[in-house]
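Below is one structure, written out as structure tokens, with a few remarks after it.
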Amino acid sequence: MPSASTKAAAHPAVADSRTTTDSLDSPGFRDANAAVVAASTDTGVDADADAVAEAREARETRDAHRVCAARKAAAAAAREADDTRLAPGAPGFRRLSLALFAAGVATFALLYSTQALLPAVSAEFGATASAASWTVSGATGALALCVLPLSALSERFGRRQMMTASLAVAVALALLVPLAPNLESLIVLRALQGAALAGVPASAMAFLAEEVRPRALIAAIGLFVAGNSIGGMSGRLLTGWVAQLWGWRAGLAAVGLLAVACAVAFRFLIPPARHFTPASLNPKALGRTVRGHLADPLLVRLYAIGALFMTVFGAVYTVIGYRLTEAPFSLPQGVVGSIFLIYLVGTVSSAAAGKLVGRMGRRGALYLAVGATTSGLLLSLADTLPLILAGLVLITAGFFAGHAVASSSVSRTAKTGRAQASALYQSAYYLGSSVGGTLGAVAFHSGGWSGTVAIGLVAVFGVVSITLYGSHSARAAERRHRLATV
């Protein structure tokens, strides 16, 4: 009888199975298998260790970033605590804002007090629109010439003192203006008044830059510009209705009394300057500072933008009274003065300029202002009163937004000589008003309202060209910087 081994040998498959089983049980295979298991176990441990190390490194990096951010926040908070300049919520911030709001009301109410009365002035003195417009252009032109010298005096004697003296002289002249016996003397008195008022815009921007924290500067300047729009509106509205009842001289007297009230409010509200350092009067140093500002391409572009925006505004509002008192509208003087209620739109748009810059950037906000102004000019060509009013709304909103953006950018761009930087902007701004008023009246006399609109469109095209050039220059500078760092 065959044995088990003989049977296994007779069947190869069984033999192979036995052989395989024996080899699995062999000491050599057990050692090799143990080595493989140990190797795989060691590899898993190493992988887990690497993962743990990476996680620990990522956590440490995050913790380091948190610590760095916390230190930066603490440093910023310390700087804020050490910064004694005014900020929203501070005790003197509200008083300062209201004081400069009152100064803005008085300045614009006086500066443009004859603008709504030009048809009545022309009728009394037998003057053309272009001749009568000098009662406005003379005041703004004198202001443009005197802003820089008075800003230099404010560096020596103080912004607060300069604004107080300017308002005092201007309101005193306002009580004499209604007594002018002829057009020439009226123009002279108005020019003197404009020169006196130059001390307010020359000092106000620099005063805010010195006394208000940077993060609140745009809002504070926006409120000052809002005061300008309220003053321009209330002065024209008041003179229009008073003139309809008692004549244009009574209208000018009423605006003078309003300015007196605003000047008194300013004097009682304005807080003392805490960050002003008097400087000696040095014409050579002043010349160097002015040349430095005029050599700054960004500042020059901002000056030109302010002048061009004001050219549009000066042209439109100098002539609009003539258009609306003539056929086919033939509106009475009081109603024409009420047109300037549209200035309330400027109050809103100038106060919103800071938010626009935050969302769209400076150039984006300027493009939006240009778009609104251009649309308004084109819409005003219609011969229906509602469309003309809608056009004036857009022009006003665009102008005040553009002015607030440009003027606040000047204050932030100038690192030294801020008073002179602001004064140069104001000079360009009011020069634009003077040129716009004169050119707008001449164009209206020769070509009607479409001629005035053409002047405005040319100025708006200038703003677009300057802003596009600024965008191109910024992109070119960024490309050069990237190439230099490669």
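The values are calculated or read from the model by the stated rules, or taken from the named source; none is laboratory data. Not measured: the values here are computed from a predicted model. We place every Cβ from the backbone using ideal geometry, glycine too, and count neighbours over all the protein chains shown. We work out accessible area using only protein heavy atoms, side chains counted, and drop any ligands, DNA or RNA first. Shrake-Rupley method; radii C 1.70, N 1.55, O 1.52, S 1.80 Å.
Data overview
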| quantity | calculated |
| --- | --- |
| Considering residues of segment 403-431 that are in a helix (DSSP H, G or I) and basic (Lys, Arg) only, the residue surrounded by the most Cβ atoms within 10 Å (Cβ to Cβ) | 418 |
| In segment 275-293, residue modelled with the highest pLDDT [restricted to those that are over 25 Å from residue 214 (Cβ atoms) and not in a helix (DSSP H, G or I)] | 282 |
| Checklist (1) among the small types (Gly, Ala, Ser); (2) in contact with a Gly (Cβ under 9 Å, 6 or more places away or on another chain); (3) within 30 Å of residue 171 (Cα to Cα); (4) surrounded by fewer than 22 Cβ atoms within 10 Å (Cβ to Cβ) applied to residue 279, failing item | (2) |
| Residue in segment 305-326 that is out of contact with any Lys or Arg (no Cβ under 6 Å at 6 or more places or on another chain), at negative phi, open to solvent by 50 Å² or more (accessible area, probe 1.4 Å) and modelled with pLDDT under 95 present | yes |
| Among the candidates 363, 359, residue that is free of Cβ contacts under 8 Å to residues at least 24 places away in the same chain, open to solvent by 50 Å² or more (accessible area, probe 1.4 Å), under 17 Å from residue 405 (Cα atoms) and assigned to a helix (DSSP H, G or I) | 359 |
| Selected residue [among the β-branched types (Val, Ile, Thr), open to solvent by less than 20 Å² (accessible area, probe 1.4 Å), farther than 21 Å from residue 418 by Cα and at pLDDT below 95] from 136, 147 | 136 |
| All positions within segment 373-391 that are farther than 21 Å from residue 305 by Cα, among the aliphatic types (A, V, I, L, M) and open to solvent by 70 Å² or more (accessible area, probe 1.4 Å) | 381, 387 |
| Some residue of segment 107-115 being under 20 Å from the mean Cα position of the chain (by Cα) and at pLDDT 90 or above | yes |
| In segment 166-187, the residues that are assigned to a helix (DSSP H, G or I), more than 24 Å from residue 428 (Cβ to Cβ) and not acidic (Asp, Glu) | 168, 171, 172, 173, 174, 177, 178, 179, 183, 185, 186 |
| Members of segment 343-356 found to be surrounded by fewer than 23 Cβ atoms within 10 Å (Cβ to Cβ) and either touching a residue at least 24 places away in the same chain (Cβ under 8 Å) or under 16 Å from residue 306 (Cα atoms) (or both), listed by number | 344, 345, 347, 348, 351, 352, 354, 356 |
| Single unsatisfied condition, residue 382 versus (1) within 23 Å of residue 219 (Cβ to Cβ); (2) among the small types (Gly, Ala, Ser); (3) assigned to a loop (DSSP other than H, G, I, E, B) | (1) |
| Flag if residue 240 is in a helix (DSSP H, G or I) and crowded, with 20+ Cβ neighbours inside 10 Å | yes |
| Residues located in segment 264-274, provided they are open to solvent by 20 Å² or more (accessible area, probe 1.4 Å) and outside any loop (DSSP other than H, G, I, E, B) | 264, 265, 267, 268, 269 |
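Every residue, every condition in (1) surrounded by fewer than 23 Cβ atoms within 10 Å (Cβ to Cβ); (2) in contact with a Phe, Trp or Tyr (Cβ under 8 Å, 6 or more places away or on another chain); (3) of a type in the set (Phe, Trp, Tyr), yes or no:
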position	(1), (2), (3)
95	yes, no, no
99	no, yes, no
119	yes, yes, no
123	yes, no, no
128	yes, no, no
143	no, yes, no
156	yes, no, no
166	no, no, no
174	no, no, no
